[in-house]
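Presented below is the structure to which this report refers.
The values are calculated or read from the model by the stated rules, or taken from the named source; none is laboratory data. On a predicted model such as this, the values are computed, not experimentally measured, just so you know. Here the Cβ positions follow ideal geometry from the backbone for every residue, glycine too, while neighbour counts run over all protein chains shown.
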Amino acid sequence: MSGELRVLGACPLDCPDTCSWVVTVKDGEAVKLRGNPDQPYTRGALCVKVNRYLEHTRADDRILYPMRRTGPKGSGRFERITWEEALDEISVRLRGIVDEHGGEAIWPYLGTGTLGYLQGCEAVAGRRFWNMLGASRHWLNICSAAGSSGLWRTNGTAGGMDPENFAQARLILLWGTNTLTSGHHLWKFIQDAKANGAHIVAIDPIRTRTADQADEWLPIRPGTDAALALGLLNVVLAENAQDEEFLAEHTEGWAEFREEILNHPVEKVAEITGIPAEAVHSLGMRLAHTRPTAIRATHGLQRHKGGGTTMRTIAAIPGVTGDWRHPGGGVAFSTSDHVKLTVDRRDDLLAKPVRTLVMTKLGSQLDDVKCLWVYAANPLGSTPDANAIRRQLAREDLFTVVMEQFPTDTVDYADIVLPATMQTEHFDVHAGYGHMYLLWNEPATEPPGECLSTTETFRRLAAHMGMTEPSLYDSDLELAEQLLSGGDPSLEGITVDRLRKEGWVRMNYPKPFMPFAEGFPTKSGRLRFPPAGKAYVPPHTADEAGRSPYPLRLVTPASHTFLNTTFGNNPELRRRAKDPVVLVNAADAAARGLENGQRVRVHNDGGEFLADVEISDRVSAGVVASTKGRWPKLSPGGANPNAVVAERDGDMGRGPAFHDNLVEISPG
Ligand SMILES: Nc1nc2c(c(=O)[nH]1)N[C@H]1C(S)=C(S)[C@@H](COP(=O)(O)OP(=O)(O)OC[C@H]3O[C@@H](n4cnc5c(=O)[nH]c(N)nc54)[C@H](O)[C@@H]3O)O[C@H]1N2
Ligand SMILES: Nc1nc2c(c(=O)[nH]1)N[C@H]1C(S)=C(S)[C@@H](COP(=O)(O)OP(=O)(O)OC[C@H]3O[C@@H](n4cnc5c(=O)[nH]c(N)nc54)[C@H](O)[C@@H]3O)O[C@H]1N2
Ligand code: SF4
Ligand SMILES: [Mo]
């Protein structure tokens, strides 16, 4: 025996693929991490980011001890304190705030740093504790709220295709999604489809690395996708290729929606979307005559003013073509709604109803908040209107606690910092939002320094504050048992023991999984087409955005090397990311006298960030692009694109409009 141990775990990051991983442990130390070769979705591969996860757990800048601020807010100067001192100070401050201002003056700001059902946002870690204090609710709307709402309206659920079914598709639309960057494991299934002759189309304002690999790229004007959907369906109707039987049996509102489609002829749609009419027509012809068609529509296209409507209308496409009856047909946004774990947040512990604060509104909703408790989030890097947030976090009367692994920009404003464990150091339960499996994460090593998991931190804090409610002290394994206890058929036979032993288990859904074979989970059991006048909402105009002089549309999607701001401090990934660039079309560059490689200011009324111009035909005139994920303090000028992203709600779910910004570019 080599004395080596193989420990099964799961990638915790906010990525649809939720990989199964294997940690090799030797003498108590994690020495190797690789994708689980036995897991059908992971297929042995992690990604360029998470291949560095072990190195990241041992990084020099890892936070290992509780700390108290010694310098001014924002300075990042701290002294080490004991857990006892930290819990004392926190207890006194929290009690004082509740007594003087009421529990709602506390904002538990939980982000997507881990999607774990124990340690992270899926089951809202800490919620039972916050309910005891009557803290404000936190609405995690930052990522998928708009798209989910849109899908709910059409299908009665945000859950759609099993991405594995893409292998059977004959036409694949990669719509507002950058597969090779933001969840590359789907690519293998797309390749399988391609080997069987499928045609792959990327619909994206940027010619991404995914678009490079597709058979065709349609450069769409940002925020106009619903119009394209209507134009494609216009061709389907012209071809008389609608599935009349499916329409009659499984949909409602068809007469009205049909009118809407007929009002969107190809020429009009070409004008709205900026896509040549021939390209709209030819894709419409393919859609009309190719069954099954699989549509991968993810987050990019719903980060717009009309983002919810966009998803609602795209979801109508398989209602017309009848693709839901074919394995390999339909729309895949997320599989989350297929996950039926039981989450017992104990909201009955609340003494009275409380208000809800909105994650993306941190800059404007913090005025009467006295304690901001940030965990698994980095708002100064990831949330809109970064300058407004920075002004708020500097307030002396705001008590800020940050539970973190690394000294982010947000940590720099904390009064107390609590050291958090990483995935190889704690228990967790996961479900992918891009596949149909549940995963177990077994800790592989002891935590370094004095790091504690989220669950353990709240248990200790509750004890320190003298709380007697027993459910606050449920152990991680008890919480895991509760998750699996609901009796849903999809979980039959899946126990904690089995998950621990096998590491991953497919939920009990048939394969191929046909989610709407028996109808839709709407009230009527039918797919609901968008009502008249509600199928397309155009992007923000300059005036609405309050930023009228700004002519360029900035989109800020996922970076290949960072995962949101996670890894933004990893030296090797930063080296690979190089300096920030902004993609600018030659026409826009010429109009401003900008040269390739020139450092520029990308700015509007909200602020500015600095980047180097990359003159490129990857974007059309009028569109500019940069990526999310850099730490502001490690970026030139101390800002990332969220300095110019305005805090504006989209049309549904209060989804933010990260890709719907108007800016100007000027020499730096
Ligand atoms: N490497 C890496 N992977 C990630 C992440 C990361 O930061 N880095 N983030 C993770 C998270 S939290 C999420 S939510 C997902 C996000 O990943 P995706 O779902 O892929 O979403 P985005 O990266 O926001 O945008 C995807 C594409 O949509 C395009 N797009 C923007 N606006 C429009 C539009 O109006 N119409 C169309 N058709 N396309 C548009 C963008 O140009 C971009 O290429 O990825 C996850 N995976
Ligand atoms: N411009 C622009 N901005 C965007 C987007 C965009 O497309 N464009 N996308 C948005 C999207 S989709 C998302 S999901 C948000 C993400 O925004 P956030 O939810 O704020 O996620 P991160 O910025 O990755 O910050 C997560 C932090 O959690 C920490 N962390 C990780 N695991 C743990 C843990 O177990 N315990 C604790 N205590 N901390 C942990 C990490 O170290 C990291 O600093 O960003 C949004 N921001
Ligand atoms: S970030 Fe995504 S692709 Fe990378 S290891 Fe995690 S789940 Fe897999
Ligand atoms: Mo996200």
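Please give the strands (runs of 3 or more DSSP E) falling wholly within region 391-489 in which 1 or more residues are under 30 Å from residue 337 (Cβ atoms).
The strands (runs of 3 or more DSSP E) meeting that bar are 399-404, 428-431, 437-441.
In region 636-649, which residues are in a loop (DSSP other than H, G, I, E, B), in contact with a Pro (Cβ under 7 Å, 6 or more places away or on another chain) and farther than 16 Å from residue 583 by Cα?
639, 645, 646, 647
I'd like to check something: does region 615-625 contain any residue that is within 15 Å of ligand 2 (Cβ to nearest atom), in the same structural domain as residue 580 (by TED's automatic domain parsing), among the charged types (D, E, K, R) and outside any strand (DSSP E or B)?
no
What strands (runs of 3 or more DSSP E) completely inside region 296-388 contain at least 2 residues that are within 16 Å of ligand 1 (Cβ to nearest atom), modelled with pLDDT of 95 or more and closer than 25 Å to residue 433 by Cβ?
Working: elements: 330-332, 356-358, 371-375.
Result: 330-332.
Listed residues 559, 620, 616, 635; which is surrounded by fewer than 22 Cβ atoms within 10 Å (Cβ to Cβ), in contact with a Gly (Cβ under 8 Å, 6 or more places away or on another chain) and of a type in the set (Ser, Thr, Tyr)? If you could, list the steps in order and put the result at the bottom.
Details: 559 fails: surrounded by fewer than 22 Cβ atoms within 10 Å (Cβ to Cβ); 616 fails: in contact with a Gly (Cβ under 8 Å, 6 or more places away or on another chain); 635 fails: in contact with a Gly (Cβ under 8 Å, 6 or more places away or on another chain).
The match here is 620.
Condition test on residue 129, is it within 16 Å of ligand 3 (Cβ to nearest atom) and in a helix (DSSP H, G or I)?
No; evaluated as a whole, the condition is false for this residue.
Given the conditions (1) away from ligand 1 (no atom under 16 Å from the Cβ); (2) modelled with pLDDT under 95, which single one is not true for residue 541?
(1)
Across region 160-212, what is the number of residues that are away from ligand 1 (no atom under 16 Å from the Cβ) and either among the small types (Gly, Ala, Ser) or at positive phi (or both)?
Here the count works out to 6.
Are any residues in region 58-117 of a type in the set (S, T, N, Q) and away from ligand 2 (no atom under 16 Å from the Cβ), and if so, which ones?
Scanning region 58-117 gives 70, 75, 82, 91.
Mind checking which pairs have a first residue in region 118-135 that is modelled with pLDDT of 95 or more and a second that is of a type in the set (Lys, Arg) and not in a helix (DSSP H, G or I), Cβ under 8 Å, 6 or more apart or different chains?
Pairs found: 127/345; 127/346; 128/345; 128/346; 131/345; 131/346; 134/352.
Within region 150-173, track down each residue that is of a type in the set (A, V, I, L, M) and closer than 24 Å to residue 529 by Cβ.
Restricting attention to region 150-173, the residues satisfying the condition of being of a type in the set (A, V, I, L, M) are 151, 158, 161, 167, 169, 171-173.
Listed by number, the residues that qualify are 151, 158, 161, 169, 171, 172, 173.
Would you mind telling me which numbered condition in (1) over 17 Å from residue 381 (Cβ atoms); (2) crowded, with 24+ Cβ neighbours inside 10 Å; (3) of a type in the set (Lys, Arg) residue 648 fails?
Every listed condition holds for residue 648 apart from (2).
Does at least one position in region 107-116 carry a residue that is over 30 Å from residue 318 (Cα atoms) and touching a helix residue (DSSP H, G or I) at 6+ places or on another chain (Cβ under 6 Å)?
yes
Mind counting the residues in region 409-428 that are out of contact with any strand residue (DSSP E or B) (no Cβ under 8 Å at 6 or more places or on another chain) and away from ligand 3 (no atom under 16 Å from the Cβ)?
Going through region 409-428 one residue at a time, the tally reaches 3.
Scan region 44-69 for residues that are part of a loop (DSSP other than H, G, I, E, B), in contact (Cβ under 8 Å) with a residue 12 or more places away in the chain, touching a strand residue (DSSP E or B) at 6+ places or on another chain (Cβ under 7 Å) and more than 30 Å from residue 89 (Cα to Cα) and report the count.
Here is the first cut: in region 44-69, the residues part of a loop (DSSP other than H, G, I, E, B) are 44-49, 58-66.
Subset that is in contact (Cβ under 8 Å) with a residue 12 or more places away in the chain: 45-49, 58-59, 61-66.
So of that shortlist, the ones also touching a strand residue (DSSP E or B) at 6+ places or on another chain (Cβ under 7 Å) come out as 45-46, 49, 63-66.
Those still in the list that are more than 30 Å from residue 89 (Cα to Cα) too: 45-46, 49.
Matching residues across region 44-69 total 3.
Report every pair of residues separated by at least 6 positions or lying on different chains whose Cβ atoms are under 6 Å apart, first residue within region 555-572 and assigned by TED's automatic domain parsing to the domain that holds residue 659 and more than 15 Å from ligand 4 (Cβ to nearest atom), second among the small types (Gly, Ala, Ser) and assigned to a helix (DSSP H, G or I).
Close Cβ pairs (under 6 Å, with a partner that is among the small types (Gly, Ala, Ser) and assigned to a helix (DSSP H, G or I)) amount to 561/577.
Looking at residue 591 and the list (1) more than 23 Å from residue 304 (Cα to Cα); (2) part of a loop (DSSP other than H, G, I, E, B), which single condition is not satisfied?
Residue 591 satisfies all of (1) more than 23 Å from residue 304 (Cα to Cα); (2) part of a loop (DSSP other than H, G, I, E, B) except (2).
Yes or no, residue by residue, for (1) without any contact (Cβ under 8 Å) to a residue 12 or more places away in the chain; (2) of a type in the set (A, V, I, L, M):
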site: 90; (1), (2): no, yes
site: 152; (1), (2): yes, no
site: 155; (1), (2): no, no
site: 173; (1), (2): no, yes
site: 178; (1), (2): no, no
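What number goes with the only condition from (1) touching a Cys at 6+ places or on another chain (Cβ under 7 Å); (2) free of Cβ contacts under 8 Å to residues at least 60 places away in the same chain that residue 367 does not pass?
Every listed condition holds for residue 367 apart from (1).
I'm trying to understand the selection: among the residues of region 159-176, which are part of a loop (DSSP other than H, G, I, E, B) and buried (at least 24 other Cβ atoms within 10 Å of the Cβ)?
Step one: of region 159-176, the residues part of a loop (DSSP other than H, G, I, E, B) are 160-162, 169-170, 176.
Passing the criteria: 160, 161, 162, 169, 176.
Would you check if there is a residue in region 197-213 being among the acidic types (Asp, Glu) and out of contact with any Phe, Trp or Tyr (no Cβ under 8 Å at 6 or more places or on another chain)?
Our first condition is that a residue be among the acidic types (Asp, Glu); within region 197-213, this holds for 204, 212.
Narrowing the set further to residues that are out of contact with any Phe, Trp or Tyr (no Cβ under 8 Å at 6 or more places or on another chain) leaves 212.
Checked region 197-213: at least one residue is among the acidic types (Asp, Glu) and out of contact with any Phe, Trp or Tyr (no Cβ under 8 Å at 6 or more places or on another chain).
For (1) surrounded by 23 or more Cβ atoms within 10 Å (Cβ to Cβ); (2) over 30 Å from residue 134 (Cα atoms); (3) within 16 Å of ligand 3 (Cβ to nearest atom), each residue gets a yes or a no:
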site	(1), (2), (3)
5	no, yes, no
10	yes, yes, yes
19	yes, yes, yes
27	no, yes, no
30	no, yes, yes
45	no, yes, yes
58	no, yes, no
68	no, no, no
77	no, yes, no
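Give all pairs with beta carbons closer than 8 Å in which a residue from region 252-270 that is in the same structural domain as residue 203 (by TED's automatic domain parsing) meets a residue that is among the charged types (D, E, K, R) and crowded, with 16+ Cβ neighbours inside 10 Å; count only pairs at least 6 apart in sequence or on separate chains.
252/526; 252/528; 253/528
Looking only at region 459-471, decide whether some residue is free of Cβ contacts under 8 Å to residues at least 60 places away in the same chain and of a type in the set (Val, Ile, Thr).
Pass one, region 459-471, residues free of Cβ contacts under 8 Å to residues at least 60 places away in the same chain: 459, 463, 466, 468, 470.
Filter once more, so that each one left must be of a type in the set (Val, Ile, Thr): 468.
Yes; the residues of region 459-471 include at least one that is free of Cβ contacts under 8 Å to residues at least 60 places away in the same chain and of a type in the set (Val, Ile, Thr).
Hey, does region 3-12 have a residue that's in a strand (DSSP E or B) and over 26 Å from residue 434 (Cα atoms)?
yes
Could we say that residue 427 is aromatic (Phe, Trp, Tyr) and within 15 Å of residue 373 (Cβ to Cβ) here?
Taking the combined requirement at face value, the residue does not satisfy it.
Starting from residues that are under 14 Å from residue 50 (Cα atoms) and not in a loop (DSSP other than H, G, I, E, B), keep the ones in region 547-575 and report whichever is nearest to the chain's Cα centre (by Cα).
My answer is 563.
Among the residues of region 630-645, is any at positive phi, within 16 Å of ligand 3 (Cβ to nearest atom) and modelled with pLDDT of 95 or more? Don't jump to the end; show me each part of the working.
Narrowing region 630-645 to residues at positive phi: 637-638.
After this cut, where a residue has to be within 16 Å of ligand 3 (Cβ to nearest atom) as well, the list is none.
No, region 630-645 has no match at all.
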